[in-house]
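The values are calculated or read from the model by the stated rules, or taken from the named source; none is laboratory data. Small disclaimer: the values here were computed from a predicted structure and weren't measured. Note that we place each Cβ from the backbone using ideal geometry, even for glycine, and neighbour counts take in every protein chain shown.
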Amino acid sequence: MTYEELIKLAKKAKDGSYSPYSHFRVGAALLTADGSVYTGANVECSSYGGTICAERAALVKAVNDGKRDFSAIAIISDAPAPCRPCGICRQMLSDFSPDMAVISASADGSFEQNRLSDLLPHAFNLK
């Protein structure tokens with residue numbers, strides 16, 4: 001799967017966003033090592049700590065299906081700048097695949113690619 005295809009899936013997932021407080025819609029598409037794709041959108045809560053990001057929504061769905069190895073994640077919002085994962089998402093993704101590709105897309109579909117380990121160089125690790 002190309003990164004452009006993964007971004008299209010993330011963009012479609014963004015339509016499922018529930019963001020009545022921030023109005024910042026985010027979609028993510030997580031590519032597993034076996035080629036499966038899991039999507040997610042951010043879901044906000046009036047108690048902000050209960051909010052879940054699109055990246056973690058996709059990750060939880062994948063993990064619940066037994067997936068543990070990921071090769072890439074695409075993230076997109078309505079913003080003109082690339083949408084990058086927050087710190088909590090970086091850490092959760094790192095627990096599974098610290099060297100996965102992170103495709104941060106802008107609203108127009110242009111993107112930048114980074115390694116998760118470059119975005120979170122000193123990830124917490126209990127191993």
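The table below lists the values:
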| read-out | value |
| --- | --- |
| Pair list, Cβ < 6 Å and 6+ apart or interchain, from region 1-26 residues that are over 12 Å from ALA54 (Cα atoms) and among the aromatic types (Phe, Trp, Tyr) to residues that are at pLDDT 95 or above and buried (at least 20 other Cβ atoms within 10 Å of the Cβ) | TYR3/ILE103 |
| Selection within region 50-78 - more than 21 Å from SER94 (Cβ to Cβ) and more than 15 Å from the chain's Cα centre (by Cα) | GLY50 |
| Test result for SER46, of a type outside the set (Phe, Trp, Tyr), touching a residue at least 12 places away in the same chain (Cβ under 8 Å) and surrounded by 13 or more Cβ atoms within 10 Å (Cβ to Cβ) | no |
| Sole exception among (1) in contact with a strand residue (DSSP E or B) (Cβ under 6 Å, 6 or more places away or on another chain); (2) hydroxyl-bearing (Ser, Thr, Tyr); (3) within 26 Å of PRO20 (Cβ to Cβ) for SER46, by number | (1) |
